[in-house]
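Below is one structure, written out as structure tokens; comments come after it.
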Number of protein chains: 2
Amino acid sequence: MSQPIQFALTQADIPTHWYNILADFPAPLPLPLHPATKEPVPPEALTAIFPENLVMQEMCPDRWIEIPEPVREIYARWRPTPLLRATRFEEALQTPAHIYYKHEGVSPAGSHKPNTAVAQAYFNKLAGTKRLATETGAGQWGSALSMACRLFGLDCTVYMVKVSFHQKPYRRLLMETWGATVFASPSEQTNYGRKVLQESPDCPGSLGIAISEAIEDTVTHPQTKYSLGSVLNHVCLHQTVIGQEAMKQMEMAGEEPDAIIGCAGGGSNFSGLAFPFLGKKITGGKNYRIVAVEPSACPSMTKGEYRYDFGDTAQTTPLLKMYTLGSDFMPPPIHAGGLRYHGMSPAVSHALNLGLIEAEAYHQTKVFESATLFARCEGVVPAPETAHALHAAVQEAIRAREAGQKRVILFNFSGHGLLDLTAYESYLAGKLLDV
Amino acid sequence: MSQPIQFALTQADIPTHWYNILADFPAPLPLPLHPATKEPVPPEALTAIFPENLVMQEMCPDRWIEIPEPVREIYARWRPTPLLRATRFEEALQTPAHIYYKHEGVSPAGSHKPNTAVAQAYFNKLAGTKRLATETGAGQWGSALSMACRLFGLDCTVYMVKVSFHQKPYRRLLMETWGATVFASPSEQTNYGRKVLQESPDCPGSLGIAISEAIEDTVTHPQTKYSLGSVLNHVCLHQTVIGQEAMKQMEMAGEEPDAIIGCAGGGSNFSGLAFPFLGKKITGGKNYRIVAVEPSACPSMTKGEYRYDFGDTAQTTPLLKMYTLGSDFMPPPIHAGGLRYHGMSPAVSHALNLGLIEAEAYHQTKVFESATLFARCEGVVPAPETAHALHAAVQEAIRAREAGQKRVILFNFSGHGLLDLTAYESYLAGKLLDV
């Protein structure tokens, strides 16, 4: 075939190690602080909610951390994921740019989230945990953890942000098919949930509230640990298989990206693709343009402050240094539920603050316009979150067209939108809230 | 990694030709007959509803038919599909059998259907068609054709069996996202649909009725052709990329299958996997056990008669020699909407009648039990249709366990069930109709 479309790796190419950006940051990452003492939180303080092996990983300074064999064996069900060139999309945009996407939507859960879910379930199993509690926005994370828990024989309870619980009933069904228990958050299951409902019975929920509920559930149940699908260092770490594979695949394509783009809610898929490239950039490689994309409706990086803040709404977590809209920020009910988080991964925030990466924000109507065009050119339907990255790639491709320059663009196709089709229905009917 | 799980091919391995079983059948396939004259239907009679290039392909005796470059270029978005070994599922079944599955669920539409949808849209485009009309059961075919039409700039109208239209709203949304127009069948759009509704206002619909509506739509609209997602020779032909790839991948795995299994509604995914192996069996290769699996609720092969019958309920098609329950058979509303067809591909029927393949039928509750176990072992959630093939593979694996024999089982994972999750909801709630 004349036109190379896909760049395929084999099982033997699944990375053997996760890449830890902490080893290469030019300035150290600000540590999490205890809210009362304002002193760095000691590892012991975190083991109330996380198993010790993951706490150690969270704070580990090593550049490379070995991926355990049982985790790689599960990765082999869908990894390495394809890297594809969106040639038909390029034609539709009439751009000289080359647009590549790393297709994480081929996982059984439909997104990049199983990369860390499987790792976290494995390390919890090893530590003797019997049950995991977590929160989920659009349900990508909750479904990934439900699957991973089942694979390692753990029970799983998911607090799903209420607006998504109703917008995306199939994601709940998917979690239940894998055997998880799912509650709409704010729920009647926790003190904090009941308090929120009392004050605001129609509260659509937020990731911050759901995190508070999952943490309360964790500390009030035996043999239960908490699991987070984004934000933290060990989560971003587990996602770096994406970027490592993409780097090999771009070599196969014979090109180096000029721009590397991912959407960012808590920051995990963005860092998964970007951090291996960022490491190369820091240590003297190419000066990539690296862009984290967020919704205008929840603009932590572009409109938030860089300061210490709580990770959840009930203010039960340690203080994290991050771009934040405030832990009580209530985002509008946009369809990209996974991007409705008031804060941002401390590692991503640090990179942004150091000027190593950039941030952009877009309104959802234009985002869905790009996503629909993409689906109609390339076939695959992007998740609403993914569509933000894709839309930023379109802007880059249009600039390339206007400048008459070839640019190589790589974006993370973090998940498919098959369980988010009501969002497309709203868009096609002209009923999308343009926030 | 010690355990090989996946057997990956590259873009260069996408087959260059489709394999035509007609060239290798030990006895000629009975021809379609004109209902009035009972004489073989001449090619000209079919061009009212199909473009000439596809009619020629339908009757072509050549063993190999070249796949046009633009079709292969679109295939390259998701083909070759993975072959995976279900090691965790084997362990759960405590079987010495090796269970392999060819994962067609990775296509943008989530099933094997785009293999022929893309080909049919391409040949129609070439022939000057502006619009395609079709029917769909569960929506796998309708969504595949909607996507393919959009890729080649054709309009698309889909008559979706009413019970599935309501059971599977996301498949309708998917078709609309790709720009198609979708009607619940029986509909008010056609004379035949109106007639059915008058006689039976609550009619849940069937593939036979929807086919009649799509054909009527075709002959009453300009520049419109009809497109069928199964049954016919050219459809089975286009699907043979599946078996050709699987053959290469089984070689990579260093094993030859003993049993080759696919579910069969109209017969397209079954023949896609099985026919290349069947050709080898006929021409002196291994004596594979080849099994077509159907629901007990619609048992054309196991309870039907082998005779000439109409392909649709309004009796507008030529007579096809096939296993049939009668063109007026109304199957119960099982979740495997793609298997609710009264007849069976003439080529599959011929192979069954010649004793070259076998047929099995199963009740849906046991089928979902196997499917849920599979999802909880391997991650990926099977479509209800696919679950029938999977359940037959389980029976084979259990027999291997009981005999203490290693058997190599290969089944076609024809599609994922992410848009069929309400079926799993019913199963988990114990509310599945056990037909």
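The values are calculated or read from the model by the stated rules, or taken from the named source; none is laboratory data. Note that the structure is a prediction, hence the values are computed from the model and not measured. Here Cβ is always computed from backbone atoms with ideal geometry, including for glycine, and neighbour counts include all displayed protein chains. Quick note on the areas: whole protein, heavy atoms, side chains included, nothing else; ligands and nucleic acids left out. Shrake-Rupley method; radii C 1.70, N 1.55, O 1.52, S 1.80 Å.
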Practice problem: At a 1.4 Å probe radius, which order do B:TYR341, B:TYR427 fall into by accessible area, largest first? | Solution: B:TYR427, B:TYR341
Self-check item: Measure of compaction for the range A:283-435 (Cα Rg per 2.2 N^0.38 Å)
Solution: 1.11
Self-check item: For A:THR316, inter-copy label distances in nm, listed shortest first [label point 7 Å out on the Cα-Cβ vector]
Solution: 6.2
Self-check item: Cβ neighbours within 10 Å from other chains - mean over A:176-185
Solution: 3
Quiz item: What list of whole percents do you get for P(r) of the range B:16-141, with Cα-Cα distances grouped in 10 Å bins up to the one holding the largest distance?
Solution: 10, 28, 34, 19, 8, 2
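Could you work out how much longer the chain between B:LEU373 and B:THR47 gets when fully extended? Use 0.36 nm per residue separation minus the Cα distance between them, nm to one decimal. Walk me through the numbers before you get to the answer.
Working: separation 326, 0.36 × 326 = 117.36 nm, distance 4.64 nm.
Here the segment from B:LEU373 to B:THR47 would lengthen by 112.7 nm.
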Exercise. Please compute the net charge surrounding B:THR313, taking Lys and Arg as +1 and Asp and Glu as -1 over other residues with Cβ under 10 Å from its Cβ.
Key: -3
Quiz item: What part of the accessible area of the range A:117-272, given as a whole %, is carbon or sulfur when the probe is 1.4 angstrom?
Solution: 50 percent
Quiz item: Nm distances between the label at A:PRO222 and the same-position labels in the remaining copies, 7 Å along Cα→Cβ, shortest first?
Solution: 7.8
Quiz prompt | Full-stretch length increase - B:CYS203, B:VAL219 - with 0.36 nm per residue and alpha-carbon distance subtracted | solution = 3.3 nm
Exercise. Could you sort B:296-306, A:151-161 so that the peptide with the highest average Cβ count within 10 Å comes first and the rest follow in order?
Key: A:151-161, B:296-306
Quiz item: At q = 0.06, 0.08, 0.09, 0.10 Å⁻¹, what base-10 log of I(q)/I(0) does the Debye formula yield for the protein assembly as shown when every alpha carbon is treated as an equal point scatterer in vacuo?
Solution: -0.38, -0.67, -0.85, -1.04
Quiz item: Just checking chain A: which Cys have no other cysteine's beta-carbon under 4.7 Å?
Solution: A:CYS60, A:CYS203, A:CYS236, A:CYS263, A:CYS298, A:CYS377
Self-check item: chain A - convex hull of the alpha-carbon atoms, volume per residue in Å³
Solution: 129 Å³
Quiz item: Under the rule of -39500 (n - 2.57) per DSSP H run of 4 or more residues, summed and divided by the residues of the protein assembly as shown, what mean residue ellipticity at 222 nm is obtained, to the nearest 500 deg cm²/dmol?
Solution: -12000 deg cm²/dmol
Quiz item: Hey, rough spin-label estimate for A:MET252 and B:ASP24, points 7 angstrom out along Cα→Cβ, what's it come to in nanometres?
Solution: 2.9 nm
Quiz item: In Å, the Kirkwood hydrodynamic radius of the range B:294-356 over pairs of distinct alpha carbons?
Solution: 11.7 Å
Exercise. Report, as a whole number in µm² per second, the diffusion coefficient that Stokes-Einstein gives for the range A:78-169 at 4 °C and 1.567 mPa s using the Kirkwood radius over alpha carbon pairs.
Key: 86 µm²/s
Self-check item: Estimated inter-spin distance, B:THR365 and B:HIS17, nm [label 7 Å along Cα→Cβ]
Solution: 5.0 nm
Exercise. Enter the accessible area of A:ASP13 (Å², nearest 10), with the probe set to 1.4 Å and all protein chains included.
Key: 40 Å²
Self-check item: Cα-derived Rg over Rh, computed across the range A:133-267 with Rh taken as Kirkwood radius
Solution: 1.07
Exercise. Rounded to the nearest 100 Å², what's the accessible area chains B and A bury against each other, both chains counted, probe 1.4 Å?
Key: 4600 Å²
Exercise. Keeping all protein chains in position, work out how much accessible area B:ARG399 exposes to a 1.4 Å probe, and write it in Å² to the nearest 10.
Key: 100 Å²
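Past 29 Å, Cα to Cα: identify those pairs from A:LYS102/B:LYS281; A:LYS125/A:LYS195; A:LYS431/B:LYS162; A:LYS102/A:LYS406; A:LYS168/A:LYS225, in the order given.
Numbers: A:LYS102/B:LYS281 40 Å; A:LYS125/A:LYS195 33 Å; A:LYS431/B:LYS162 26 Å; A:LYS102/A:LYS406 20 Å; A:LYS168/A:LYS225 26 Å.
Going by Cα-Cα distance, A:LYS102/B:LYS281; A:LYS125/A:LYS195 fall outside the 29 Å limit.
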Quiz item: For label points placed 7 Å from Cα toward Cβ, what is the shortest-first list of nm distances from B:THR10 to its copies?
Solution: 1.0
Practice problem: Among DSSP beta bridges lying fully in chain B, give the percent that are antiparallel, nearest 5. | Solution: 35 percent
Quiz item: Once you average over the residues of B:372-380, how many Cβ atoms of partner chains fall within 10 Å of each Cβ?
Solution: 5
Self-check item: Base-10 log of normalised Debye intensity for the range B:356-435 (one unit scatterer per alpha-carbon) at q = 0.17, 0.19 Å⁻¹
Solution: -0.68, -0.83
Self-check item: Paramagnetic reach from A:TRP64 in the range B:1-32 [backbone N under 19 Å; point 7 Å along Cα→Cβ]
Solution: B:1-2
Quiz prompt | All aspartates and glutamates inside 19 Å of A:LYS280 as judged from Cα atoms, apart from same-chain residues fewer than 8 positions distant | solution = A:ASP24, A:ASP62, A:GLU245, A:GLU251, A:GLU255, A:GLU256, A:ASP258, A:GLU358
Quiz item: Counting only other chains, what is the mean number of Cβ atoms within 10 angstrom of the Cβ of each residue in peptide A:23-29?
Solution: 0
Self-check item: Projected-area mean, the range A:209-352, by convex hull of Cα positions, square nanometres
Solution: 9.7 nm²
Exercise. With the cut-off at 12 Å, report for the range A:252-300 the share of all Cα pairs above it, as a whole percent.
Key: 64 percent
Quiz item: Which of the residue pairs B:LYS248/B:LYS303; A:LYS113/A:LYS303; B:LYS113/B:LYS286 have a Cα-Cα distance greater than 30 Å in the structure shown?
Solution: B:LYS248/B:LYS303
Quiz item: Using the Cα atoms of the range B:167-232 to build a convex hull, what is its mean projected area in square nanometres?
Solution: 5.3 nm²
Practice problem: Could you let me know the centre-to-centre spacing of the range A:368-432 and the range B:221-292, using Cα atoms, in angstrom? | Solution: 35 Å
Quiz item: Stretched out fully, how many nm does the piece from B:THR10 to B:ARG401 gain, at 0.36 nm a residue minus the Cα gap?
Solution: 137.3 nm
Exercise. Please give the peptides A:54-63, B:237-246 ranked by average Cβ packing (other Cβ atoms within 10 Å per residue), highest first, as a rough proxy for protection.
Key: B:237-246, A:54-63
